[in-house]
Amino acid sequence: MEYFFSLFAKLSEGMLTTILIFVLTLVFSLPLGLLVSFGRMAKNPVIRWIFTIYISIMRGTPLILQLLVVFFGPYYIFGISLSSDYRMPAVIIGFSLNYAAYFAEIYRSGIESIPIGQHEASSVLGLSKTQTFMRIILPQVIKRILPPVTNEMITLVKDTSLAFALTVTEMFTLAKQNAAADTSMMPLLVAAIFYYVFNFLVAFGMERVEKKLNYYH
Amino acid sequence: MAPINTRKIALCVILSIITFGIYPIYWYYLLVKNIRILKNDDSSCVGEMLCLTLVPFYYLFWWYTCSKVVANELENRGCTIHGNPTTYLLLSIFGLDIIALAIMQANFNSLASIFLKFIPQNPNNILEVQNLQKSFGDNTVLRDISFVVPKGSVMSIIGPSGSGKSTLLRCMTLLETADNGSISYGNLAMALPLSDDRCFYAPKKTLQEIRGRFGLVFQNFNLFPHMTVLHNLTEAPIRVKKQPKPQAEATARALLDKVGLADKADAYPCELSGGQQQRVAIARALAMQPEILFFDEPTSALDPELTGDILKVIRSLAEEHMTMVVVTHEMKFARDVSDYVIFMDNGVIVEQGDPRDVIDNPQNARTQAFLSRLNEN
């Protein structure tokens, strides 16, 4: 039992890194996703085409490979050598770029699902395009996209373990090390508990937000 | 020469700097490459290659966007009548887009002055529409529509489905762009036929001013579901007319009282019945204090029982001499309330005049057929 609790203490250090990756990725990828979705829906065919390809590549290749490209790319492609301090930023950049693509498609589905009548009503009332988007469309989009966004957030929690590819010691890396050192399943079990509780909290929090937005249909 | 839009010029300068910003990067890689060659080290030429490949693409993209922007602006502002667009495109391709835009701006100003000089046929007319034409691809929806709406009058537009009534309303409310003809609201022209085959729209600022002159009530209400009824009414006056909040709310409450929904101010649209929602929509249009109010089949999405409430509201507005254009299938209502009726079929006005003449005693065979079929039901 003591061993069990000592594992909790050990893994919670890595848990901080995991939470950091999670929070920073959301902070960057949620707004970036909105920009990408605008690019994806742009009237200009060249811009639309560029962002379609971006989304296609980001969704079509493994995240672990993208992390490696972000980390080693600057050296192999541009000959820029970066210090090992670049590991964590590389993880955040890789995750943000990848998740922005997924969020962009979620935003797009949300924005396109708003009835055209809402745009027309705003236009007739004289609201500008920015006002229409910020005051009329976006609030309704947020309500509609919450379930798929929650889905992505939960996937993100579990994906943080991929940071080991750049030897960032997050929680799961520690769990594996301890499991190998102690030849025990216990660290993995503790890791599972950490993930489950984290995801439970994310899902619970998002459900609360959804309930809060339930004042209209 | 006409004054030049400084904001646009500034934007062009910034974009040019960004464009030329790629040059130093390119030179840097050339330098790096040369040093590598001197050192007999050819390990990483990928960056060099990437840069070499990207530069032409970057320029292609820039040229394409630039010419698109210029072409779009020309299209919007109808500069074709003043010069050849190819000149502008060529100028923009050779990086002289600032000059192109300056010339365009000059042309635009002369176009704007045509709109400024507009004089209505009769200052008493709130709305004048002349020779309006609109087609979607090969399908001609409006052929040659002309009418005027004098101040304080109520006009009904009737006709079978697909006759172009809704498209006509959408052209007048800037939801669709007309192909040809003229539309004007009082002393402001919205669209003028400045060339043989098409019409040109007024500058954006004028269009925005015109938007303040009309209101539109939709068939399916289109209330904002995430806002309370009161907020639905105050949103546009606060954001567009910059009214102070207390004033906007006072006006909104007065309007809700007028349509009989004073107690629903804090309800959400989803808590209201269809008839109530439509009355809120009417109040929302009135909150912007329009000179003319358009109704696009306001009762078609409602139970027959609920249509009465809406028609009562429209009637009371007519008694206050609100100028209105109503697209409707309610013949009795059209006959009782309106001062003028237009019967449309297949994109043309088949018959028009006093409602009692047109509805009770139609002269045109098409009108007779339509009305007799309506009476059968």
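For this structure, a couple of remarks:
- Scanning residues 5 or more positions from B:GLY215 or on other chains, those with amide H under 5 Å from its amide H are B:ILE292, B:LEU293, B:PHE294, with H placed 1.01 Å from N in the peptide plane.
- Whether chain A is rounded, prolate or oblate, judged on the alpha carbon gyration tensor where a/c under 1.5 counts as rounded: oblate
- Solvent-accessible surface ranking, highest first, for A:THR183, B:THR177, B:THR206 at 1.4 angstrom: A:THR183, B:THR177, B:THR206
- Table column - 3J(HN,Hα) (Hz), region B:352-369, Karplus curve with 6.51, -1.76, 1.60, x for Gly and Pro: 8, x, 5, x, 5, 5, 5, 7, 7, 9, x, 8, 7, 4, 5, 5, 4, 4
- Accessible surface ranking for A:VAL70, A:VAL157, 1.4 angstrom probe, highest first: A:VAL70, A:VAL157.
- As a rough guide to protection, the peptides B:145-153, A:88-96 ranked by mean Cβ packing within 10 Å, highest first, stand as A:88-96, B:145-153.
- For region B:228-244, 3J(HN,Hα) per residue [Karplus equation, 6.51 cos²θ - 1.76 cosθ + 1.60, θ = phi - 60°, Hz, x = Gly/Pro]: 5, 4, 4, 5, 4, 7, 8, 3, 5, x, 6, 7, 9, 8, 6, 6, x
- Rounded to the nearest whole Hz, the Karplus-based 3J(HN,Hα) values (6.51 cos²θ - 1.76 cosθ + 1.60, θ = phi - 60°) of region A:47-58 follow the sequence 4, 4, 5, 4, 6, 4, 5, 4, 4, 4, 5, 5, with x at glycine and proline.
- Shape class for region B:108-263, computed from the alpha carbon gyration tensor (a ≥ b ≥ c): prolate, with a/c not under 1.5 and a/b above b/c.
- Beyond 20 Å in Cα-Cα separation lie the following of the pairs B:LYS241/B:LYS264; B:LYS151/B:LYS245; A:LYS129/B:LYS205; A:LYS143/B:LYS245: B:LYS241/B:LYS264; B:LYS151/B:LYS245; A:LYS143/B:LYS245.
- Beta bridges from DSSP with both residues in region B:279-377: antiparallel share about 50 percent, rounded to the nearest 5.
- For B:ASP345, residues with placed amide H under 5 Å, excluding near neighbours: B:VAL350
- Take each residue of peptide B:233-240, count the partner chain Cβ atoms within 10 Å of its Cβ, and average: the result is 4.
- In Å², nearest 10: area of B:LYS241 left accessible to a 1.4 Å probe: 80 Å²
- Here the peptides B:254-261, B:286-293 are ranked by packing, the mean other Cβ count within 10 Å, and the order with the highest first is B:286-293, B:254-261.
- Computed over protein heavy atoms with a 1.4 angstrom probe, the accessible surface ordering of B:ARG279, B:ARG239, largest first, is B:ARG239, B:ARG279.
- Taking a ≥ b ≥ c as the square roots of the eigenvalues of the Cα gyration tensor, an a/c ratio of 1.5 or more together with a/b no larger than b/c marks region B:139-186 as oblate.
- Remark: mean inter-chain Cβ contacts per residue of B:210-216 equal 3, using a 10 Å Cβ-Cβ cutoff to other protein chain atoms.
- Residue pairs, from the table B:LYS117/B:LYS242; B:LYS117/B:LYS204; B:LYS258/B:LYS312, whose Cα atoms sit over 22 Å apart: B:LYS117/B:LYS242
- Counting, for every residue in A:41-48, the Cβ atoms of other protein chains within 10 Å of its Cβ and taking the mean gives 2.
- In Å², nearest 10: area of A:VAL168 left accessible to a 1.4 Å probe: 10 Å²
- Under 21 Å from the Cα of A:LYS158 - lysines, other chains or at least 8 residues apart: A:LYS10, A:LYS176
The values are calculated or read from the model by the stated rules, or taken from the named source; none is laboratory data. Keep in mind that this is a model prediction, so the values were computed, not measured. Quick reminder, even Gly has a Cβ in these numbers, built from the backbone with ideal geometry, and neighbours come from all protein chains shown. Ligands, DNA and RNA are excluded from the accessible area calculation, which covers all protein heavy atoms including side chains. Shrake-Rupley method; radii C 1.70, N 1.55, O 1.52, S 1.80 Å.
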